[in-house]
Amino acid sequence: MSHDHDHTEDHAHVHRYPPRPDQDDTLTYYRAMEAAVRELLIDKGVLTAEDVRRQVENMDGRNAGLGAKMVARAWIDSAYKQRMLANGSEAAEEIGLDVGPLKLVVVENTPTVHNVIVCTLCSCYPRMLLGLPPDWYKSRNYRSRVVREPRAVLAEFGTVIPDDVLIRVHDSTADMRYLVAPRRPQGTENWGEAELARLVTRDSMIGVALADPA
Amino acid sequence: MTNPDPLRAHHDMGGLPAGAVEPTEHDYALWEKRVDALMVLLGHKDRRLITVDELRRNIESLGPEAYDKMSYYERWIYAITQVLLQRGVITVDELGRKIEAIRARETQRG
């Protein structure tokens, strides 16, 4: 808070930045199209407003905490880790995570291999365990370059992978989604699963970052 | 951006030269979340009114200029609408009238 000015108003109510405009405020052509299609489908009984509300809520409830739970479990339970690497979908379901009809493949980072995921053709992403993807994941620059110069792209995220570590880039498809299991940070030997899960960030499961340090 | 490789479709960009990755993110607007929800609900096994392949075919047949200019969920709602028209679930006439009604409602609301 600035002390250069002598204000008499209650500073708690002064906005220092203009509020971010609500994207729903402007009725763009495509926003009108969304509303029209949704209302037509409701009118025709194809779906209900409640179905839409519930599905929006379902996706809103999905975030990287789900994937983190699976990775943390694998860190403390090597038998589980083997099952996870053999069949990601079944391993997710085993700990109560709903992955739907998509095939999930978990790829493990090791001292010699670092994995990173992309969808060069569109935006396929392990959305069932991470939520909706960040914009950059869907961007032309990421999709184009990470398959050709992953080391340089990772460095742009501040992640420098040593030259003697192989980088594997996994190109996702509509039916098959990859998730990266990052390496367990040092100094976490006696940590519990919930504590460990907090170190497993979204970006570490995409592979553009490492898990947070202890 | 013009396609530097005429044998490739515009969306097929893996390995092509491009700029630095800007770490951009935004909180999805409600209308974007609804587009996402429509795709999931229409594709659900109880309805089967769209497949992922249909969504992609319609997105990928956009011209390069439109593809780059439209936002992600704009491309999606465009493609979903095309599929529903192609399948006869909705008609152009119904869609046009509904959009008009929504615009009129919005104008009234101010």
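Any read-out appearing in this document is the output of simple, stated calculations on the displayed coordinates, not a laboratory observation. Bear in mind that the values here come from a model prediction, so they are computed numbers and not experimental data. Counting neighbours? That spans all protein chains shown, and the Cβs are built from the backbone with ideal geometry, glycine included.
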* Asked: Given only helices, namely DSSP H runs of n ≥ 4 each adding -39500 (n - 2.57), what is the per-residue ellipticity at 222 nm of chain A, to the nearest 500 deg cm²/dmol?
  -> -10500 deg cm²/dmol
* Which value in nm describes the separation of the simple spin-label points at A:Ala155 and A:Ala79, placed 7 Å from the Cα toward the beta carbon? -> 4.5 nm
* For peptide B:47-54, compute the average count of partner chain beta-carbon atoms within 10 Å of each residue's beta-carbon. => 2
* Asked: Taking only DSSP H segments of four or more residues, each worth -39500 (n - 2.57), what value at 222 nm results for chain B once the sum is divided by all its residues, to the nearest 500 deg cm²/dmol?
  -> -17500 deg cm²/dmol
* To do: Specify the residue with the greatest mean-square fluctuation among B:Asp36, B:Asp68, B:Asp53, computed from a Gaussian network of chain B linking alpha-carbon atoms under 10 Å apart.
  => B:Asp53
* How crowded by other chains is B:71-81, given as the mean number of beta carbons from other chains within 10 Å of each beta carbon? -> 5
* Equivalent ellipsoid semi-axes - Cα gyration tensor, the range B:30-109, angstrom -> 21, 17, 13
* Asked: Taking the protein assembly as shown as the region of interest, what is the percent of Cα-Cα pairs per 10 angstrom bin, listed from the shortest bin to the one with the maximum distance?
  -> 5, 22, 28, 23, 15, 5, 1
* With Cα atoms, 0 to 90° folded angle of helix B:72-86 axis to chain B main axis -> 60 degrees
* How far, in nm, would the chain grow between A:Glu108 and A:Asp164 when pulled straight, counting 0.36 nm per residue and subtracting the alpha carbon separation? -> 18.5 nm
* To do: Quick one: compute the contact order of the range A:74-129, relative version, from alpha carbon pairs under 8 angstrom and 6+ residues apart, as a percent.
  => 26 percent
* To do: Once you've got the Cα coordinates, tell me which of A:Lys103/B:Lys45; A:Lys69/B:Lys45; B:Lys69/B:Lys98; A:Lys81/A:Lys103; B:Lys33/B:Lys69 are over 22 Å apart.
  => A:Lys69/B:Lys45; B:Lys69/B:Lys98
* Asked: Which of the cysteines in chain A are isolated, no other cysteine C-beta under 4.7 Å?
  -> A:Cys122
* Cα-centred dipole magnitude for the range A:31-125, charges only on beta-carbon of K, R (+1) and D, E (-1), debye, nearest 20 -> 200 debye
* Considering every pair of different Cα atoms, what Kirkwood radius, in Å, is found for the range A:64-206? -> 15.4 Å
* Asked: Dipole magnitude of chain B about its Cα centre, charges +1 at Lys/Arg Cβ and -1 at Asp/Glu Cβ only, in debye to the nearest 20?
  -> 560 debye
* For A:135-142, mean number of other protein chain Cβ atoms within 10 Å -> 6
* To do: Scan around A:Ile167 for amide H atoms under 5 Å from its own, H built in the peptide plane at 1.01 Å from N, and keep only partners 5 or more places away or cross-chain.
  => A:His114
* Structure fact -> Fewest to most Cβ atoms within 10 Å: B:Met39, A:Met70, A:Met176 sort as A:Met176, B:Met39, A:Met70
